[in-house]
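The values are calculated or read from the model by the stated rules, or taken from the named source; none is laboratory data. Source: prediction; values computed, not measured. Heads up, the Cβs are rebuilt from the backbone with ideal geometry, glycines too, and the neighbour counts pull from every protein chain shown. For the accessible areas, the whole protein counts, side chains as well, though only heavy atoms, and no ligand, DNA or RNA atoms are used. Shrake-Rupley method; radii C 1.70, N 1.55, O 1.52, S 1.80 Å.
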Amino acid sequence: MFSKILIANRGEIACRVIRTARRMGIGTVAVYSEADAGALHVEMADQAVCVGPAPSAESYLVIENIIRAIRDSGAEAVHPGYGFLSENATFAKALEREKVAFIGPGLKAIAAMGDKIESKKLAHQAKVNTVPGHLGIIADEKEAVKIAKEVGYPVMVKASAGGGGKGMRVARNDKEAAEGFRSAVSEAKSSFADDRVFVEKFIEDPRHIEIQVLADGHGNTVHLGERECSIQRRHQKVIEEAPSPFLDAKMRAEMGAQAVALAKAVDYRSAGTVEFIVDKDRNFYFLEMNTRLQVEHPVTEYVTGLDLVEQMIRVAAGEKLSFGQDDVKLEGWAVEARVYAEDPFRNFMPSTGRLVHYRPPEETDDVRVDTGVYEGGEISMFYDPMVAKLIAGGRTRAEAIATMRDALDAYYIRGISHNIPFLAALMAHPRFVEGRLTTAFIDEEYPEGFRPEDALHDDPKLLVAVAATLHRVMEDRAAAISGQMPGHGRTVGEEFVALMGGEEFPLTVRREPHGTEVDCGGQTYAVRSGWKPGNPLFRGEVNARTVCVQVDRAGIAWRLSHAGSQAEIMVLTPHGAEMHRLMPERVAPDLSRYLLSPMPGLLVRVSVAPGEDIKAGQELAVVEAMKMENVLRAERDGVVAAVHAEPGSNLAVDARILEFGGLDG
């Protein structure tokens, strides 16, 4: 067994590998860019080596720098995590020359499966079902349109070296095929230094189901069941689970057998994933093979009881698998939610900044948090916006979902925007609960994007009752101030008015030994909690329903977050409510004349000039953030009055890019 391994990655996956290595008694070496000098993985590792400036293309992706770190640290093996150099054959070859073990598959598998075109040819030869398409390299957008027509719309334009949703575009007509080719090439070049793309048929109403495989260097290959990964946004997974609610034992065995056959065809050794696209009639087609650990591997670990990182390390050290296919048993259910630094109410635009408060839910046998951040740390614009992976399990799918909902309620993050309201809404969505999933789920259920009304609470008065309880606790504390004259102490009444969303709720709030009784609109809420002022989480029961509500102040209002919804509630005396009705409303300034940057990022290009007439839908500018290009388009016809930012500028949220004149409508 190795005595020291280097983790050629960052963030939560680096931390996750370090935890297993530490448990196995193996020393660890972290690498870091200048932007990550204070990162959690650097703190956790036994040693740390700087490998370059903040941009990943100048640090984490520079093979020479990683090799130098290996030499300097004396590491005997390298775990690449996922992303970066994890599926880079040149990197694996460089490690081979250094006589350093690669904790991953052999060169043949990496080279063959890392190239999506070659992998489909090999899959076909191994008698694995494949998607119809054109596997040749496409020279330009004109050829892309021609091939797309031949394959038949809709098609998927994909980067050969792509992954993580980058370099992928769905096209339903010639215009989208041309645009998709340009975007896929651009993203592939910047993310993978490989701008080759190909075209394949886009399967309508598909599910994305993947099979986890594990192989050693002694001819043993097994599969560890499947993961359902259909809940995606922009081709990036959001929710994953194991097993899939769609598969039965027969289909699982068939897909598993094909995955194992493909792994054997490329002499695979290590953990890997064979991804399939599955149509509504249960036909499944090979999509790609990821020759690395997957982001969603923890759900497989939960249902199998295996540590996949440990298995990868043992295989790389030359050990045989200690079990066979018949020994693999799937027990229970697990769901994973990816917590991202993004604003779901602003079209999921990335959010950067300091984690002013960061308190993940408590980890238990059924709740796991894989993270690479900490309170006070920074979410950088240079890397993927993932904050953490939250994994919840149970004996059944319903139990796992319920555990996930409770864990999301307890996940307290402040200082950046995050997608927890969206994740909570997904967990409560009837269609998700029923298991009726496709990769178009989010587009179909949220066609106009995720809006505040999509996260409405199932019992708004429950939040009013909690706010009333918080207010009563604070009032009672204020009334107990020392130094009051005898007979003139302050008493707190029981009558209040709550204001929420423009609606008034007359309240009666009675103190009880362990909470309050709140009468609200003809309903009584028994609120039981030991909440103390200053605690950001209100834990307790409301009418015997266990709740965890996040508590913030917004001026004199209470801002409460629960089950994905957020409400601002003011609790006033009846006289205070009467005075509040007389207050004038504040009118927000009109910013419709400007194109504002919806996220912090790099302005790649401005596509229009001052004085130019523009049409609705026309491209105006492109902003790159978190390794993704975002095209900003005109919402209506008009004229460009001025350009306020130049290409290459680093933009803050709401920074002015363009100013319009002659707006239509």
Quiz item: Which is farthest toward the positive dipole end of the chain among A249, P361, V509, measuring Cα position about the Cα centre, with Cβ charges +1 (Lys, Arg) and -1 (Asp, Glu)?
Solution: A249
Quiz item: Quick one: putting +1 on the C-beta of Lys and Arg, -1 on the C-beta of Asp and Glu, what dipole do you get for region 194-246 around its Cα centre, in Debye to the nearest 20?
Solution: 140
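In debye, nearest 20, what is the charge dipole magnitude of region 436-535 about its Cα centre with +1 on Lys and Arg Cβ and -1 on Asp and Glu Cβ, if you could check?
The dipole magnitude comes to about 780 debye.
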Quiz item: If one puts a single equal scatterer on every Cα of region 584-665 and applies the Debye formula without solvent, what log₁₀ I(q)/I(0) results at q = 0.21, 0.25, 0.26 Å⁻¹?
Solution: -0.92, -1.21, -1.28
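Based on the alpha-carbon gyration tensor of region 611-658 and its eigenvalue square roots a ≥ b ≥ c, which shape applies: rounded if a/c is under 1.5, prolate if not and a/b is larger than b/c, or oblate? Show your work: numbers first, answer last.
Values: a/c = 2.46, a/b = 1.51, b/c = 1.63.
Verdict is oblate for region 611-658.
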Quiz item: Any idea how far apart E375 and E204 come out in nm if each label point goes 7 Å out from Cα toward Cβ?
Solution: 5.2
Exercise. Scan around R633 for amide H atoms under 5 Å from its own, H built in the peptide plane at 1.01 Å from N, and keep only partners 5 or more places away or cross-chain.
Key: L620
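Could you calculate the contour length gain from K93 to Q523, that is, 0.36 nm times the residue separation minus the distance between their Cα atoms, to one decimal place in nm?
Numbers: separation 430, 0.36 × 430 = 154.80 nm, distance 6.94 nm.
Roughly 147.9 nm would be gained on extension.
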Quiz item: List the aspartates and glutamates whose alpha-carbon lies under 14 Å from that of K146, not counting same-chain residues fewer than 8 positions away?
Solution: D174, E176, E179, E200
Quiz item: For H418, which sequence-distant residues (separation of 5 or more, or a different chain) have an amide H within less than 5 Å of its own amide H, given hydrogens modelled in the peptide plane?
Solution: E342
Self-check item: Stretch gain in nm, segment R414-R359, where the contour uses 0.36 nm per residue and the Cα spacing is subtracted
Solution: 18.9 nm
Quiz prompt | √(5λ) per eigenvalue of the Cα gyration tensor, the chain, largest first, Å | solution = 45, 32, 25
Practice problem: Read phi for every residue in region 486-496 and hand back ³J(HN,Hα) as whole Hz from Karplus 6.51 cos²θ - 1.76 cosθ + 1.60, θ = phi - 60°, with x for Gly and Pro. | Solution: x, x, 10, x, 7, 10, 9, x, 10, 9, 9
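Please work out how much length the chain gains when fully extended from E331 to E319, using 0.36 nm per residue of separation minus the C-alpha to C-alpha distance, in nm with one decimal.
Values: separation 12, 0.36 × 12 = 4.32 nm, distance 2.59 nm.
Result for the pair: 1.7 nm of gain on full extension.
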Practice problem: State the antiparallel share, in %, of DSSP beta bridges confined to the chain, rounding to the nearest 5. | Solution: 90
Quiz item: Where the centre of each part is set by its Cα atoms, how far does region 22-42 sit from region 310-370, in angstrom?
Solution: 18
Self-check item: GluC sites (Glu not before Pro) restricted to DSSP loop in region 341-392 with at most 13 other C-beta within 10 Å
Solution: E362, E363
Quiz item: Within the accessible area of region 216-330, what % is carbon and sulfur when the probe is 1.4 Å and the other protein chains stay in place?
Solution: 44
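Between D248 and E399, what FRET efficiency comes out of the Förster formula 1/(1 + (r/R0)^6) with R0 = 25 Å and r the beta carbon distance, rounded to 0.05?
Details: r = 21 Å, r/R0 = 0.82.
Taking R0 as 25 Å, the efficiency between E399 and D248 is 0.75.
Please work out the FRET efficiency for the pair E143 and R436, using the Cβ-Cβ distance as r and a Förster radius of 45 Å; give the result to the nearest 0.05. Let's see the in-between values first.
Values: r = 38 Å, r/R0 = 0.85.
Calculated transfer efficiency: 0.70.
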Quiz prompt | Amide proton proximity set for Y412, modelled H, under 5 Å, gap of 5+ | solution = R359
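Using just the helices of the chain, give the 222 nm mean residue ellipticity in deg cm²/dmol: DSSP H runs with n ≥ 4 each add -39,500 (n - 2.57), and the total is spread over all residues, rounded to 500. The partial results should precede the final answer.
Values: 17 runs with 179 residues, N = 665.
That calculation yields -8000 deg cm²/dmol at 222 nm.
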Self-check item: Residues K615 and I556, FRET efficiency given R0 of 41 Å [Cβ-Cβ distance, rounded to 0.05]
Solution: 0.30
Quiz prompt | For region 432-493 and region 202-223, distance of Cα centres in Å | solution = 44
Quiz item: Residue by residue, what Karplus-based ³J(HN,Hα) values in Hz, rounded to whole numbers, does region 402-417 have, using 6.51, -1.76 and 1.60 with θ = phi - 60° and x for Gly and Pro?
Solution: 4, 5, 4, 4, 5, 5, 5, 4, 8, 7, 9, 10, 9, x, 9, 7
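For the chain, what does the accessible surface come to per residue with a 1.4 Å probe? Please give it in Å². Could you put the intermediate results ahead of the total?
Values: 28390 Å² over 665 residues.
With all protein chains present, the chain gives 43 Å² per residue.
What pairs in K93/K166; K120/K250; K149/K280; K175/K389; K127/K389 have C-alpha atoms more than 28 Å from each other? List each step's numbers first, then the result.
Details: K93/K166 25 Å; K120/K250 24 Å; K149/K280 24 Å; K175/K389 37 Å; K127/K389 35 Å.
In this structure, K175/K389; K127/K389 lie more than 28 Å apart at Cα.
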Quiz prompt | Two-site label geometry, C50 and I63: point separation in nm, points 7 Å out along Cα→Cβ | solution = 2.5
